Amino acid sequence: MRKARIKSVFGLLIFLALVAGGIYVAMFGVGKNETGKASDIPLGLDLQGGLSVTYEITNENPSQEEINITIDKLQRRVDGYSSEGEVYQEGDERITVEIPVDTEKYDAHAILEDLGQPGQLFFLDETNYALWAEGKEFVAAVDGADIKNSDVMVDNSGMQQEYVVGVVFNESGKTKFGEATAANIGKPIYIIYDGAVVSAPIVSSAITQGECTISGQGWTLEDAQQLSNTIKIGALPLELKQLQYNIVGAKLGKEAVSTSLMAGAIGFGIICLLMIIIYLVPGFIAALALVAYVVLLLLILSIRGITLTLPGIAGIILSVGMAVDANVIIFTRIKEEIAAGENVRNAVKAGFSKALSAILDGNITTLIATFVLMALGTGSIKGFAVTLMVGIILSMFTALAITRMLLNIAVNLGIKSKKLYGVAKKPKVRNYVKNSKLCFIISAAIIIVGLVFLPINKSKDGQILNFALEFTGGTSTTVEFTEAYDLHTAEEEIAPVIAEAIDVQVGTIQIQIVEGTNQVIFKTAELSDEQAQALQGAMSEKFNASVVSSNGISSTISGEMRTDAIVAIIISSILMLIYIAIRFSDVRFGASAVIALIHDVMVVFAIYAVGQLSVGNTFIACMLTIVGYSINATIITFDRIRENIKLMDVAKDGYDHIVNTSIAQTFSRSVYTSLTTFVMVLVLYIMGVASLKEFTFTLMAGIVCGAYSSICITGPLWLVLKKKFKKKEAQ
């Protein structure tokens, strides 16, 4: 016993030392390059601003299809620098690229040089390479228009890991490349970009599947990335010439970062306090584990250089909620074991054992969606998925490893009083199944009202939802003022004048400051000639300012990006349904989980429709967060139903009683987890900048809806499906 206590003391000291070390690294970094500093976490355009480059299309009379393909492929090229870059059309023959970067730390000119000017790309066999080298006419085997995408991959087939470049061809490229490789086995294929050979891989066999990998002796990650980026940017049907570049400010303002951090810290403190009040010693231990979780998260985000944006913050909020949720599930089980007569040591052991399946199933289902979003999503969707994936993995580790270790240390140190761990009271079992009919009606009514508002909005405003510029595009107006403005002042003083002049809501106007100048960029819905003149007149009259340029801009969320997002969510739902059906040995669990997920999304969708809230990147972030939150809450209820079916007498008690009992047993978990996550978002809503209000409001609505559906919808819905299918089977 004495040895166990000594080991526990040393274990606790080591844990505290590691956490302190992690906090130090997060604050000050380590090594010459100060690796690991939280302040070095790259931020997206919405939080930091960055570099804005405008290109002019040099081809004569380009088609809109060629422009759209160029924008899409250039977006994929920009993704190599940051997943949060934006590419959109400006005017008839211009394309603008915005890349988030801290221009105080990095040379904008170096970035421009690295980004390069898109040139021509050819794949040539030996014969045509010789003609090209002599300046004679040649036939390209494949050119840039035949390439769909390129990415860096890892090859583990050899003795050691190697980096290779994967290339994906479109249908025309698939045929051309197949014929070229079949005719040149054992010979090189020269890759020419902008007048220079960038690689000359040897063909080992005919490649007819439309995909290939290119390897190089001793390639580093940077070598492979450079070739991949070159192939991406060269795969453009149009040639571009750089016109101008600007350093633009953050879309949400620099104030958004500091206030979000402060709100996050306060919200986190409140969560820790609530955990201690509700769960006593385990709550205090959970607070320590959550501190470790936050430190690890900051270190990984910094070391891996993961770009943080508003959707990324949503992913972190969700993962914090899931970290709290895992602890709540464990502590609830421990209290139940103590109430059943177990001593604290055995209760802790049994609590983790019985909570394991619910924690794993809840997190794995969310991870399934995360991996699909990472694979198919682009831009902010991928950023959300990456931060959520990191957060989920860390939340499981902290709950199942760190919390467990600290609880065992507490027990070994003699903290064994049952009063300090709490004793579960027998839950009051209400007839949730009977009352579910009313809940179904209320939910259906809310969703129907939301759908009814779509044609109403269409007749009133011309569109079913209040789509933001990310979806619709609009007009970008650059105004030169007599003095420099910061974002906050521009929002307070200039935006209301513009809104009145062109008759729009202030919240629909996006503002970006051009650093180092007196210019401000205002992005609005597409302006008519009368509106453009009214804006120019208002700027001249109120501020003695002049309009430098005014151009139409395309949406930053392309049609292909929207399709990718929808496909990703559909595939995620199907895979989650399959996983739940397998894990619970009943497809009705999976079906009801997906229906409940759709319910939560549709209720929040109704809020957007009725309230005419702005539908942009924040809408995507909010919906993705609700998907993750909803499925996790559903799994907890289903886990209890699955367990109680085995423990209770189905013939005697009936499935109605089993469902009611399961909901009663998980009721406190649903309330406490929702409360802690809600508090964190509420603090962000209260303290955050104006541009975050709408996002946090709908997120709070989603949290409340998730708690409501996990208590009132999921269990009864499964029972309805079970009875319906049972009747059909009997017939």
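The values are calculated or read from the model by the stated rules, or taken from the named source; none is laboratory data. These numbers come from a predicted model, not from an experiment. Because the Cβ atoms are built from the backbone with ideal geometry, glycine has one as well, and the counts that use them run over all protein chains shown. To get the accessible areas, we keep the full protein, side chains included, count just its heavy atoms, and leave off ligands, DNA and RNA. Shrake-Rupley method; radii C 1.70, N 1.55, O 1.52, S 1.80 Å.
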Q) Where does the longest stretch of the chain lie that holds no GluC sites (Glu not before Pro) found in a DSSP loop with 13 or fewer other Cβ atoms within 10 Å? A) 138-482
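Quick one: putting +1 on the C-beta of Lys and Arg, -1 on the C-beta of Asp and Glu, what dipole do you get for region 362-474 around its Cα centre, in Debye to the nearest 20?
Details: 13 positive and 2 negative charges, 215 e Å.
Its charge dipole is roughly 1040 debye.
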Q. Roughly how big is the chain's charge dipole about its Cα centre, with Cβ charges of +1 (Lys, Arg) and -1 (Asp, Glu), in debye to the nearest 20?
A. 6360
Q. On average, how much accessible surface per residue is there in the chain, in Å², for a 1.4 Å probe, leaving out ligands, DNA and RNA?
A. 45
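Per DSSP H run of at least 4 residues, take -39500 (n - 2.57); add these up for the chain, divide by its residues and hand me the 222 nm value, nearest 500 deg cm²/dmol.
Values: 21 runs with 441 residues, N = 731.
It comes out at -21000 deg cm²/dmol, rounded to the nearest 500.
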Q: Give me the distance between the Cα centres of region 565-586 and region 120-142, rounded to whole Å.
A: 48
**Q.** Surface share of carbon and sulfur [accessible, 1.4 angstrom probe, percent] for the chain
**A.** 58
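Take the alpha carbon gyration tensor of region 421-527, find the square roots of its eigenvalues, order them as a ≥ b ≥ c, and report rounded if a/c is under 1.5; if not, report prolate when a/b exceeds b/c, else oblate.
In terms of gyration-tensor shape, oblate.
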Q: Tabulate in residue order the Karplus-calculated ³J(HN,Hα) for region 712-718, using 6.51 cos²θ - 1.76 cosθ + 1.60 with θ = phi - 60°, rounded to whole Hz; enter x for Gly and Pro.
A: 9, 10, 4, x, x, 5, 4
Q. Under a straight-distance cross-link criterion of Cα-Cα below 18 Å, which aspartates and glutamates are reachable from LYS418, leaving out those fewer than 8 residues away in the same chain?
A. GLU336, GLU337, GLU342
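How high is the relative contact order of region 514-609, given as a whole-number percent (alpha carbon pairs under 8 Å, six or more residues apart)?
Relative CO of region 514-609 lands at 11 percent.
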(Q) Need one value: the accessible area of ARG430 in square angstrom, 1.4 angstrom probe, rounded to the nearest 10. (A) 130
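Output the pairs from LYS354/LYS646; LYS148/LYS174; LYS232/LYS382; LYS7/LYS354 with a Cα-Cα distance over 22 Å in this structure; if there are none, say none. Please report the intermediate quantities before stating the final value.
Values: LYS354/LYS646 14 Å; LYS148/LYS174 10 Å; LYS232/LYS382 18 Å; LYS7/LYS354 27 Å.
Violating the 22 Å limit, Cα to Cα: LYS7/LYS354.
Return a whole-number percent for the relative contact order of the chain, with Cα pairs under 8 Å and 6 or more residues apart as the contact set.
Values: 1250 pairs, mean separation 117.1, N = 731.
Rounded, it is 16 percent for the chain.
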Q. How far, in degrees from 0 to 90, does helix 221-234 lean away from the longest principal axis of the Cα atoms of the chain, to the nearest 10?
A. 60
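Measure up LYS335/LYS652; LYS425/LYS724; LYS426/LYS723; LYS241/LYS460 against 31 Å on the Cα-Cα distance and list the ones that go over. Working shown, then result.
Working: LYS335/LYS652 27 Å; LYS425/LYS724 35 Å; LYS426/LYS723 28 Å; LYS241/LYS460 42 Å.
Beyond 31 Å between Cα atoms: LYS425/LYS724; LYS241/LYS460.
Over region 608-685, what lengths in whole Å, largest first, do the semi-axes of the equivalent ellipsoid take, defined as the square roots of 5 times the eigenvalues of the alpha-carbon gyration tensor? Present the calculation step by step, with values, prior to reporting the outcome.
Working: eigenvalues 241, 40, 21 Å².
Working through the eigenvalues yields semi-axes of 35, 14, 10 Å.
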Q) Can you give the extra length, in nm with one decimal, that the chain gains between GLN217 and GLU515 once fully stretched, where that is 0.36 nm per residue apart less the Cα-Cα distance? A) 102.9 nm
Q) For LYS722, which aspartates and glutamates qualify as cross-link partners when the Cα separation must be under 14 Å and same-chain residues fewer than eight apart are set aside? A) ASP586, ASP656
Q | Cysteines in the chain lacking a second Cys C-beta under 4.7 Å | A | CYS212, CYS272, CYS622, CYS705
Q: For region 507-551, restrict the atom set to alpha-carbon positions and state the Rg and Dmax in Å.
A: 10.9, 31
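Please state, rounded to one decimal and in Å, the Kirkwood hydrodynamic radius that region 584-731 gives when every pair of distinct Cα atoms enters the mean of 1/r.
On the way: mean 1/r = 0.0608 Å⁻¹.
About 16.5 Å, per the Kirkwood formula over Cα pairs.
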(Q) With unit charges on the beta carbons (Lys and Arg positive, Asp and Glu negative) and the dipole taken about the Cα centre of the chain, which residue among GLN531, GLN160, ILE582 sits farthest to the positive side? (A) ILE582
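Once the Cα gyration tensor of the chain is diagonalised, what are the square roots of 5 times its eigenvalues, in whole Å and ordered largest first, as equivalent ellipsoid semi-axes?
Working: eigenvalues 452, 210, 156 Å².
Each semi-axis is the square root of five times an eigenvalue, giving 48, 32, 28 Å.
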Q) Put +1 on the Cβ of every Lys and Arg and -1 on every Asp and Glu Cβ in the chain; which of SER63, ILE23, GLY362 then has its Cα farthest towards the positive end of the dipole? A) GLY362
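Which order do you get for LEU280, LEU51 if you rank them by accessible area with a 1.4 Å probe, largest at the top? Numbers along the way, then the final one.
On the way: LEU280 70, LEU51 0 Å².
Listed by decreasing accessible area, they come as LEU280, LEU51.
Quick check: from the Cα gyration tensor, does region 338-442 come out rounded (a/c under 1.5), prolate or oblate? Don't skip to the answer; put the middle values down first.
Values: a/c = 3.51, a/b = 1.30, b/c = 2.70.
Cα axes put region 338-442 in the oblate bin.
Using only alpha carbon pairs under 8 Å that are at least six residues apart, calculate the relative contact order of region 541-687 and give it in whole percent.
Values: 59 pairs, mean separation 20.8, N = 147.
Over region 541-687, the number comes to 14 percent.
For region 476-627, what is the charge dipole size about the Cα centre, in debye to the nearest 20, if Lys and Arg each add +1 at the Cβ and Asp and Glu each add -1 at the Cβ? Intermediate values should be presented prior to the final figure.
Values: 5 positive and 17 negative charges, 200 e Å.
The dipole magnitude comes to about 960 debye.
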Q. Along the charge dipole of the chain, which of THR666, PRO455, GLY516 sits closest to the positive end, that is, farthest toward it, with unit charges on the beta carbon of Lys, Arg, Asp and Glu (+1, +1, -1, -1)?
A. THR666
